[in-house]
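Trainee: Take a look at the following structure, please.
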Amino acid sequence: ITHRNKPVKKQTLLFIQALLNSYSIVFFSQDNVLAVLLLAVSFFDPLAGCAGLFSACFSLALLKLSGHRADTIQSGLYSFNSILLGIGFGSFYHFNAAFCLWLVVATILTVMLTVSLTTILAKRGLPALSLPFVIVFWMVLLAANGYAQLHLLPKESYLLNELSTVEHTNQYQLFTALNTIPLPFYVKLFFRAVSAILFQDSVFAGIVISVGVFIHSRISFSLLALGFTSACLLNAVVHVYPDGLGHYHLGVNFMMTSMALGGFFAVPSLRSYLLGIAIIPLAYLLTGAFTVLLDAWHLPILSLPFCIIVSGILYFLNLRQQPGKLQLVAYQNYSPEANLYQYLNGQERLHNLGYLNLSLPFMGSWMVSQGYEGGITHKAEWGQALDFVITNEDGQTYKYTGEVPADFYCYNKPVLACADGVVETVVNHIDDNPIGEVNTRENWGNTIVINHAPGLYSKVSHLKQGSAKVKPGDMVKRGDILALCGNSGRSPEPHLHFQMQATPYVGSKTMAYPFAYYLQDTG
Amino acid sequence: ITHRNKPVKKQTLLFIQALLNSYSIVFFSQDNVLAVLLLAVSFFDPLAGCAGLFSACFSLALLKLSGHRADTIQSGLYSFNSILLGIGFGSFYHFNAAFCLWLVVATILTVMLTVSLTTILAKRGLPALSLPFVIVFWMVLLAANGYAQLHLLPKESYLLNELSTVEHTNQYQLFTALNTIPLPFYVKLFFRAVSAILFQDSVFAGIVISVGVFIHSRISFSLLALGFTSACLLNAVVHVYPDGLGHYHLGVNFMMTSMALGGFFAVPSLRSYLLGIAIIPLAYLLTGAFTVLLDAWHLPILSLPFCIIVSGILYFLNLRQQPGKLQLVAYQNYSPEANLYQYLNGQERLHNLGYLNLSLPFMGSWMVSQGYEGGITHKAEWGQALDFVITNEDGQTYKYTGEVPADFYCYNKPVLACADGVVETVVNHIDDNPIGEVNTRENWGNTIVINHAPGLYSKVSHLKQGSAKVKPGDMVKRGDILALCGNSGRSPEPHLHFQMQATPYVGSKTMAYPFAYYLQDTG
Amino acid sequence: ITHRNKPVKKQTLLFIQALLNSYSIVFFSQDNVLAVLLLAVSFFDPLAGCAGLFSACFSLALLKLSGHRADTIQSGLYSFNSILLGIGFGSFYHFNAAFCLWLVVATILTVMLTVSLTTILAKRGLPALSLPFVIVFWMVLLAANGYAQLHLLPKESYLLNELSTVEHTNQYQLFTALNTIPLPFYVKLFFRAVSAILFQDSVFAGIVISVGVFIHSRISFSLLALGFTSACLLNAVVHVYPDGLGHYHLGVNFMMTSMALGGFFAVPSLRSYLLGIAIIPLAYLLTGAFTVLLDAWHLPILSLPFCIIVSGILYFLNLRQQPGKLQLVAYQNYSPEANLYQYLNGQERLHNLGYLNLSLPFMGSWMVSQGYEGGITHKAEWGQALDFVITNEDGQTYKYTGEVPADFYCYNKPVLACADGVVETVVNHIDDNPIGEVNTRENWGNTIVINHAPGLYSKVSHLKQGSAKVKPGDMVKRGDILALCGNSGRSPEPHLHFQMQATPYVGSKTMAYPFAYYLQDTG
C-alpha cells in the first residue's frame, strides 16, 4: 500500500492511463476506446495532434513535478484543458520556433489556471470545464495581434469566420474529402458539429468520434442528437441565424451543453432530457451576446457559453432546498449509464432513507493515501474504498525513523462510526505487523462492520489488535469511538481502510457512495 | 405546524403577498400600499407593466417548482430583478412573438442569476441588489445587436441618449402630459428622477411613487431628497455634466444609493446621512468611468454604479474591527424606522452588553421548518420565532413511516443553551403527543426559559416529557444540554421551537433578534 | 498592555512609522532607510510627491477613523496603494481644484478596495499587491475621458506611449539631466526601469532607489538584476518588442515580478531564482495580451501582469500537496534574508519535524490585542508574541464596569496546549493583580512552558494563581487544559500572553513562527 519502489513499468502504465483519461474526459468519459479514437482524430490535422499530445504529456509531467494530488492528476481532470489548447494552437497557427516557445508558455498557464479554477469552483460544487483553455487561448490570440510580436503565423482560421473555406494540409484534405459524400445535409452537419469539438470540420472525424461516444454511452449519444435537433429546430422556427447555425457553436455550445446537463451532471431521466432541450434557447441568447462582447477584440467566443450555462445551471440546481425529481449526480462514475444505475440501485436499496450523510471515520485532518480506483490494492470490485493516513506538513506519514508503528502519526488514533447503526462484525485478535511486512493471510486485519440501513454497511480495517471498543449488536451513534488505528492485515504501515458495502461480510465488495463527493469538495 | 393540506385560498393569498413584496422590495420595503402604487405606475407604459407582471409571476412559479426556500421566495428577494427586467423589456422593445420568447428566456436567466448571486454575496454579508437584472439585460441588448437575430424591435430608447424625446403610446402620453405642468424645474426633475427607477420619465409617475415612499418611510423619502440635492449641488459647483445630470442616473445611481446606504443598510443617524452625502462624488466618478467602459458596446450602464457603491461600502464597513457610531443593520426589518426603533430599543435594553452572539440551540445541522413571519403559527406578536427539524437529504423529517415520534430525526436529540445564563422557568411534565395530534390546552408543551441579560430571555419549547436536565436557578453555559427534543404541546410532529423574548414568561411575545442574520448567511 | 492614555508623542511616532512602512512595503520591505529614499525620490516630481504623501496620510487617517485593525494599518499594507495612486495622479495630471477633489475621491475608493481585496484574497492566502491602485486609476482615466467632465488636465503621459519624450517641471529636468551621463545603455535602462516603479524615467532616481533596495536586501537587488537580464535577453533572442522593451514594463511587470516571487514570497533558493527567470516569458505573454485588451479604451495596463502572475503562481504553488524544495514563506519577515534565515534555522532546529501545526491556546474565538511587533511591550527580542483577549461584539473586553478581573470575558477561561509535548516549567503562585495595576517584579506572572521538540517551546503567561492543572514532566496532548486565564505579572487587565521560543526559560526571547500566518488568514 506504500508507493515507494514502484517499478518503472507500473509508472509507465499509470502515465499512459492518465494520458488516455485526459482525452476521454473531454467527453465526460473515462473510456479508453473513446480516448484512443479521440487521439487518432486529433491527428487528422497532424500539427494539431502533435501539439495536443505534447501539451498533455508536458502538463502531466509538470503536475507531477510540482507535487499535486496524484489521484486527480491520474483522472485527467487537470490536463484535458492542455489538450484543447494544444489542438487549438495547432489548428490556428503554423509550425515555427515561436510556435514551440509560446505553446510551452501557454501550456504552463493552462495548467496553473486549471488547477486554480478547479479548486476554486470545486468548493462551490462546480466543474471548471474548458474555461482555463478558453481564457489562455484568448490571451494568446490577443497577444499575437498586438505590438508585442509573438511571431505566430496564423492559419486561415475557420473559427473566426465560422463558415468560410479553410486551407488545410494534404492529410487533412484527405479526410475532409469525405465531406462531399452523399449524405443528407443535416446528417453531415451533425458529424461536422461533433468534429468541431476537436476544432475540425470533417464528416469523417465526426463519424469516428460519434462511434466512440456511442460505445462509451448510448445516453450521451442520444443527448448529442437531442441537442442537435433542438438547436436546428429552434433556428428553423425563429431564424436566429438566417444562414443556419455554424457547426462549431452547434457542436461545442449546444450539443455538448445538452450532453453535459442532460445525462452527466444530472441523473438521466425524462426531466434531465427536458433540461437538455430547455438550455437551447439560453445557449442562443448567450452565444449571441458573447459574440458581440468579444467582437471588440475580434476574439472567438470558443466554448464560453457552454461553460457558463453548465456551471450556472448546476449552481442554481445545487441551491434548491428540495431536489425534487431532477437529481444531480452526487458521486461521479464518468458514465451516464453508471450514474443512472447507481442512482436507481441506491433508490431501491435505501428506499425511504435517501443517502445517509456520512461523517469521516476519524477526528481531525487525515490524508487520503489511496483514493477511489486510484491505487494498487483498491481495484475492480474493491475500487470504491479509501485509505487514510495522517501526515505532517511535508506530507510525511511518520516522525523519527518510521521504523516502528508508534512513529506513524495515525497509529493509535481513534476510529469513529461514520453514521448511526448497529455493530455487525468485530475482528479484534490479529497481530499488528512490523513496519514493511504484510499479513496476506488475514488480508483485512482487525475489522469492524456496521449496519446503517438495510443493504448499507460501513467497514473499517487494519485496526490495532485488541483495541475494539464495541461488540456485535451494540448500537453506535455517529462519531462514537469504535477502535484505534493499527497495522494489522495487509498493511505495511499504519493506515485506516474505509469502505461502504451492501453486505455484512468482512470480504464484501465496495459500493460507490457519495461520501467521496464531500471529500473532493474539501480537498 | 405542518404545511400539508394548505387550502387553495391560503396559497393564493401567499402568492399575491409574494408578488406585492417583489414590487415593494425594489424600494427596500415590504409595504403593500407602496407595492400597489408601484404596480400601478408600471402600467403607465402598458407593455412594460404587463411584461413586469408576467416576469414576476413566472419567476415565482419557477422558483416554487424548482424547490427553493419558501420563505425567501415569499419575501420577493428572488423575483424583483425579474420585474425590473420585464419593465425594461417593455420599455425598450415593441411587442411581437420574439418579445415573448426572449422575455421568457431572459427571465429564466435572471432567476438563476438572482438565486446564485444572492447566495454567493450573502456569504459575505452583501446584497445582490439589481445586479442580476443589469447583467441579463446587457446580454439581451448585446445579443439583439449582433449577427444572431433576436428579431426584437427596439423602441426609441431614452436610456441610451438620456434626454432625447421619446415616442410613447397614447396612454403614456396622457400621463407625461403632466410633465408640462408649471412646477419649478428642480421639483419636476426630482419626480422625473424618481420615476426613472421604473424606467419612466414622467412627473406624475414620480409623484405617485414619491407618495408611496413617503407613506412607507419618511426617512427613505428624506434620503431621496438628500441624494437629489447633493447630486444637483455638486454638479452646479463642479460642472461634471455641463448640460445637467440626466434624470435616470439621478434617480437610479444617486438617489437610490443615498437611500440604500443612508437609512436601510445603516441604522439611520447623523453619520448615516453624512454617508448618504459622501457617496455622491463616488457615484459621479463611477458613473463616468462605467459609461466610457460600456460605450465600447453602446451599452447603458443601468444601475451598475448603485450596485457597486452599495456593495463596496457595505463590505468595507463590515470589515471594521470596531463598528463605532455608524452601525449597520443586523436584522433587517425592511423599514428604516423599524430598524432605528429596534436599534435604539436594543441599545437601551442591553445597555453595555451589545448583542449577545447566540449559538444555535442544537448540535449538527437542522432545518428551519418555519421562519420569521413565514408560517402559520408564527404570526404577529409571535412572529420572530424559529422552528427547527432535522431532515434527510430528500427534505424528509422522518424515516420509516413517520407514524411514531421516534421515526423523526430530531426526536430525542439534545437541545442546548444558546448562550450563558440562568434558568428562569422549567416545564417538564407535559405528555408527548401522538403524531398528527396537537395539545392546544398546553400550547407550548414542555419549555425552558433562560435569562441571559436584563430584558433578554431565550425559550425552547415542545421538549420531551421528563427530559429536562436543568432546574430553575441553575447557571448554564452556552452549549450546555438543557433537555431533549420532543413532541409536547401544540406540536403535531417533533420539532424544536426557539425564540428570544424580553420577559421571563412562557407565553411571552417574541423579540426580533439578529440571530436570524447569522442563519441567513449560512443558508 | 492597555492602549488607553497613549501619549500624543507616541501616537505621532506610530503614525510616522506607519507612513514609512507604506512607502517601503512597495518594495516588500519594512526598512526605514529605503522608505526615506523612496519618499525623497517621489518628490523629484514635486506634484507627484505631494499627492503621494497626501494620499498616504489621508488613507491612514481614514482607516483609523473607520475602526480597522490597528496592527494592519500600522504595517502600511492598507495604504501603499494610495501612495501609488497619489504619485500616479501627480504624474498624469496638472494641479487644479478638480485635481484635489478627485484625488480625495479616488483615495477613498482605493482604501475601500484595498481593505476589501486584501481581506478577500487573504482568505485564499494571496496578497492584493497593487491591484486596488490599478483598478481605481483605470476608473479615473476612464471617467476623465468621458462626457462627464472631471476637469482633470492631463500631462503628456509617458506611460501611454512608453518611450516618447516627456515634458517635465524644472526640478525634474535637473534630475533627468543625469539620464545623459555616459553609462552603458543597459545600465541606464536598468536604473530607468527601477525608477518606473515610482512612475519616473530617470537614471538618477533609479540609482537612489537601487541603493535603498541594496541596503534593504542583497537578495532583492540580485533578483531585480536577474529579472532585468532575463527579460532583455529573451527580447534579444525572440524580438518580441522589435524596438526594445519599454522601461516601465521592464521595471514594474518583469523585474518586480522576479523580485516578488524569487525571494519574497518563496524562500530564496536556487529553485526560487529559477522561478524568477521562468516567469519572464509568462510576463511577455500577459503583458502583450492585456495591452491589446485595454487598448479598446486606450488604458495603460499599469502593473496588472505583475499582480496576475504573482497571485496566480502563489495560488498554484499553495495548492501543491507536497511542497517539495520550492518552499513558500509561511511567516513573512518582510526581508528575503530574514525569511531565508528563519527557514534554515527552523530546518536545522526542527530537522525531521518540519513545522508543527500549532493550535490556538484556547477554545472559541479570542482577539489579538497585541500582535507581532505591534504594541508596546512586544518589542525587539520579545517581538514575536501574541496577547489574546475575549471581546464582545463592540470590541469591549469586559462587561459591567470592568473593575474586577471577573468582569473580563477571558478571565477564568481555560488555556490549552497548542501542540503535544512535555511540561518544562510551571509557575503557579503569583497573585492576580487588581485591574489597572501591574506586577513588574514578576513580569510574566504565572507561566507554563512546554517542550514540543528539541529547540521548540511554547509559553503561556499571566495565568490565574493556583490554576495550573499540570506539573513539570507531564506529557500533554494538543488541546489539553493547562490552566485558567488570569491577571498575574505585568498585566493591568486579564489577558493571555502566548509565544514560541527556542529555550526552556520563562524569560526566553520569542521566536518567529508560522503560527501568525494562520491567524492572519482567519482575520
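Trainee: Give me the percent relative contact order of region A:1-156, please, defined on Cα pairs under 8 angstrom at least 6 residues apart.
Mentor: 22
Trainee: Please give the average number of partner chain Cβ atoms lying within 10 Å of the Cβ of each residue in B:312-318, rounded to a whole number.
Mentor: 4
Trainee: Now for a separate question. Taking a probe of 1.4 Å and counting only protein heavy atoms, give the total accessible area buried between chains C and B in Å², rounded to the nearest 100.
Mentor: Between C and B, the summed buried area is about 3300 Å².
Trainee: Sorted by average packing, counted as other Cβ atoms within 10 angstrom per residue and highest first, what order do B:279-292, B:79-92 take?
Mentor: Highest-to-lowest ranking by the protection proxy: B:79-92, B:279-292.
Trainee: Hey, if you drop one equal point scatterer on each alpha-carbon of region A:1-86 and run the Debye formula without solvent, what base-10 log of I(q)/I(0) do you get at q = 0.25 Å⁻¹?
Mentor: Per q value, in the given order, log10 I(q)/I(0) is -1.25.
Trainee: Something else now. Cross-link partners among lysines for C:LYS477, C-alpha distance below 18 Å, same-chain residues fewer than 8 apart left out?
Mentor: By straight Cα distance, C:LYS477 reaches A:LYS399, A:LYS413, C:LYS459, C:LYS469.
Trainee: Counting only heavy atoms of protein chains, what accessible area per residue, in Å², does region C:1-155 have with a probe of 1.4 Å?
Mentor: That works out to 35 Å² for each residue.
Trainee: What accessible area per residue comes out for region A:395-491, rounded to a whole number of Å², with a 1.4 Å probe?
Mentor: 42
Trainee: Got a number for carbon plus sulfur as a percent of region C:204-311's accessible area, 1.4 Å probe?
Mentor: Ligands and nucleic acids excluded, carbon and sulfur reach 75 percent.
Trainee: I would also like to ask the following. Normalized C-alpha radius of gyration of region B:390-444, against 2.2 N^0.38 Å?
Mentor: So region B:390-444 has a normalised radius of gyration of 1.42.
Trainee: While we're here: Could you calculate the FRET efficiency of B:ASP474 with B:GLU337 from 1/(1 + (r/R0)^6), where r is the beta carbon distance between them and R0 is 51 Å, rounded to 0.05?
Mentor: Result of the calculation: an efficiency of 0.80.
Trainee: Under the rule of at least 5 residues apart or a separate chain, name every residue whose amide H is placed under 5 Å from the amide H of B:ASN446.
Mentor: So B:ASN446 has HN proximity to B:ILE430, B:HIS462, B:LEU463, B:SER488, B:GLY489.
Trainee: Sorted by mean Cβ packing within 10 Å, highest first, what order do the peptides C:250-258, A:232-240 take?
Mentor: In descending order of packing, they fall as C:250-258, A:232-240.
Trainee: List the lysines whose Cα lies under 17 Å from the Cα of B:LYS325, skipping any in the same chain that are fewer than 8 positions away.
Mentor: Cα-Cα hits under 17 Å: C:LYS64.
Trainee: Shifting gears a bit: Please list the non-local residues whose amide H lies under 5 Å from the amide H of B:VAL476, H modeled 1.01 Å from N, same-chain partners needing a gap of 5 or more.
Mentor: B:GLY421, B:VAL422, B:VAL423
Trainee: So which residues of region C:220-254 lose at least 10 Å² of accessible area, probe 1.4 Å, when you go from the chain by itself to every protein chain present?
Mentor: Residues of region C:220-254 that lose at least 10 Å² of accessible area once the other chains are added: C:LEU234, C:VAL238, C:HIS239, C:VAL240, C:TYR241, C:PRO242, C:ASP243.
Trainee: Which whole-Hz couplings ³J(HN,Hα) result when phi for each residue of region C:247-253 is put into the Karplus expression 6.51 cos²θ - 1.76 cosθ + 1.60, θ = phi - 60°, listed in order with x for Gly and Pro?
Mentor: Values per residue, Gly and Pro as x: 5, 5, 4, 3, x, 7, 9 Hz.
Trainee: May I ask you to evaluate 6.51 cos²θ - 1.76 cosθ + 1.60, the Karplus curve with θ = phi - 60°, for each residue of region A:72-87 and list the ³J(HN,Hα) values in order in whole Hz, giving x for glycine and proline?
Mentor: 6, 4, 4, 6, x, 5, 8, 10, 5, 5, 5, 4, 4, 4, x, 5
Trainee: Could you sort the residues of region A:112-131 by number and keep only those whose accessible area is reduced by 50 Å² or more in the all-protein-chain setting relative to the chain alone, 1.4 Å probe?
Mentor: Output list: A:MET112, A:ARG124.
Trainee: Would you tell me which residue of chain B has the beta carbon closest to the rotation axis bringing chain B onto chain C, and how many whole Å away it is?
Mentor: Per the Cβ-to-axis criterion, the result reads B:ALA296, 3.
Trainee: Leaving out ligands, DNA and RNA, and with a 1.4 Å probe, what % of the accessible surface on region A:1-156 is carbon or sulfur?
Mentor: 71
Trainee: Working only with C-alpha atoms, what are the Rg and Dmax values of region B:244-293, expressed in angstrom?
Mentor: 11.5, 36
Trainee: Using each residue's phi in region C:215-224, evaluate 6.51 cos²θ - 1.76 cosθ + 1.60 at θ = phi - 60° and report the 3J(HN,Hα) Karplus result to the nearest Hz, with x for Gly and Pro.
Mentor: So the J values, rounded to whole Hz, are 4, 5, 6, 5, 5, 4, 4, 5, 6, 4.
Trainee: Still on this structure, I have one more. Sort shortest first the distances from B:GLU437 to its counterpart in every other copy, using label points 7 Å along the Cα-to-beta-carbon line, and give them in nm.
Mentor: For B:GLU437, the other copies' label points sit at 6.7, 6.7 nm, shortest first.
Trainee: Let me ask something else about it. Take the Cα gyration tensor of region C:1-155, multiply each eigenvalue by 5, square-root it, and list the three semi-axes largest first, rounded to whole angstrom.
Mentor: 26, 18, 15
The values are calculated or read from the model by the stated rules, or taken from the named source; none is laboratory data. Keep in mind it's a predicted model, so treat the numbers as computed, not measured. Here Cβ is always computed from backbone atoms with ideal geometry, including for glycine, and neighbour counts include all displayed protein chains. What goes into the accessible areas is simple: the full protein's heavy atoms, side chains included, and nothing from ligands, DNA or RNA. Shrake-Rupley method; radii C 1.70, N 1.55, O 1.52, S 1.80 Å.
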